[in-house]
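Enquirer: One structure follows; several queries about it will come next.
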Amino acid sequence: MELIVAVYDDWGIGCEGTQPIALTADRRFFRETTRGATVIAGRRTVEDFPGQKPLPGRENILLTRSNQEFPGFTVCRDVEEALKKTENAPRVMVIGGGTVYRQFLPHCHTAYITKVHTVVKSDTYFPNLDADPCWELKEILQSGEEGGISFEMCLYKRK
């Protein structure tokens, strides 16, 4: 299982259910990296999707305790149900939000982390993999600057 996330320098990932700064290059990287995969997201993340619709070209799993209907999503009520539904999927990507990342991190072996080199107000954080002895930075896949903000797309692997 893999995950993909954009973090700010303090490992913040969002505020009030959305990304305060979203880079075009990171959105493109996300689309390319997750295309064809089964993606797992929480309800608040899905509510931030364009039109709250499933991401095209992917199998979309929504992890929620809500009884609300979510057309186009396979709804799972807990981590175990999502793990069971994805056990035969060729590629599974966890795509957020904060609670979902924390619940699935122990099951992940690969993390694609876009480091957005700025600090903005965040109320949700991702665990700092640089400080976690179980993870190591393997490669910087891309780097650049957009709107005066530098960024790096990093590949981490579980040791």
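The values are calculated or read from the model by the stated rules, or taken from the named source; none is laboratory data. Because the structure is a prediction, the values reported are computed rather than measured. FYI the Cβ positions are ideal-geometry reconstructions off the backbone, even for glycines, and counts take in every protein chain you see.
Enquirer: How many residues are more than 11 Å from the chain's Cα centre (by Cα) and either surrounded by fewer than 18 Cβ atoms within 10 Å (Cβ to Cβ) or of a type in the set (Val, Ile, Thr) (or both) if we restrict to region 12-24?
Expert: 8
To keep it simple, each residue is scored yes or no on (1) among the β-branched types (Val, Ile, Thr); (2) touching a Gly at 6+ places or on another chain (Cβ under 9 Å).
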{"site": "Glu16", "(1), (2)": "no, no"}
{"site": "Asp26", "(1), (2)": "no, no"}
{"site": "Gly42", "(1), (2)": "no, yes"}
{"site": "Thr45", "(1), (2)": "yes, yes"}
{"site": "Asp48", "(1), (2)": "no, yes"}
{"site": "Asn67", "(1), (2)": "no, no"}
{"site": "Thr74", "(1), (2)": "yes, no"}
{"site": "Arg102", "(1), (2)": "no, no"}
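Enquirer: Has region 12-28 got at least one residue that is in contact with an Asp or Glu (Cβ under 9 Å, 6 or more places away or on another chain), assigned to a helix (DSSP H, G or I), small (Gly, Ala, Ser) and in contact (Cβ under 8 Å) with a residue 24 or more places away in the chain?
Expert: Taking region 12-28 first, the residues in contact with an Asp or Glu (Cβ under 9 Å, 6 or more places away or on another chain) are 12, 14-19, 23-26.
Now drop any that are not assigned to a helix (DSSP H, G or I), which leaves 24-26.
Next, only the ones that are small (Gly, Ala, Ser) stay: 25.
Add one more test, that the residue is in contact (Cβ under 8 Å) with a residue 24 or more places away in the chain, and what stays is 25.
So far as region 12-28 goes, yes, one or more of its residues are in contact with an Asp or Glu (Cβ under 9 Å, 6 or more places away or on another chain), assigned to a helix (DSSP H, G or I), small (Gly, Ala, Ser) and in contact (Cβ under 8 Å) with a residue 24 or more places away in the chain.
Enquirer: I want to confirm something. Restricting to region 47-80 and keeping residues that are modelled with pLDDT of 95 or more and under 20 Å from Asp123 (Cβ atoms), which single residue is farthest from the chain's Cα centre (by Cα)?
Expert: Thr64
Enquirer: List pairs: first in region 52-76 and on the phi < 0 side of the Ramachandran plot and of a type in the set (D, E, K, R), second crowded, with 19+ Cβ neighbours inside 10 Å and in a strand (DSSP E or B), Cβ under 6 Å, 6+ apart or cross-chain?
Expert: Going by the 6 Å Cβ cut-off, the qualifying pairs are Arg58/Val39; Glu59/Thr38.
Enquirer: Taking only pairs six or more apart or across chains, which ones have beta-carbon atoms under 7 Å, a first residue in region 93-114 that is under 17 Å from Tyr125 (Cβ atoms), and a second residue that is aromatic (Phe, Trp, Tyr) and assigned to a helix (DSSP H, G or I)?
Expert: Val94/Tyr101; Val94/Phe104; Thr114/Phe29
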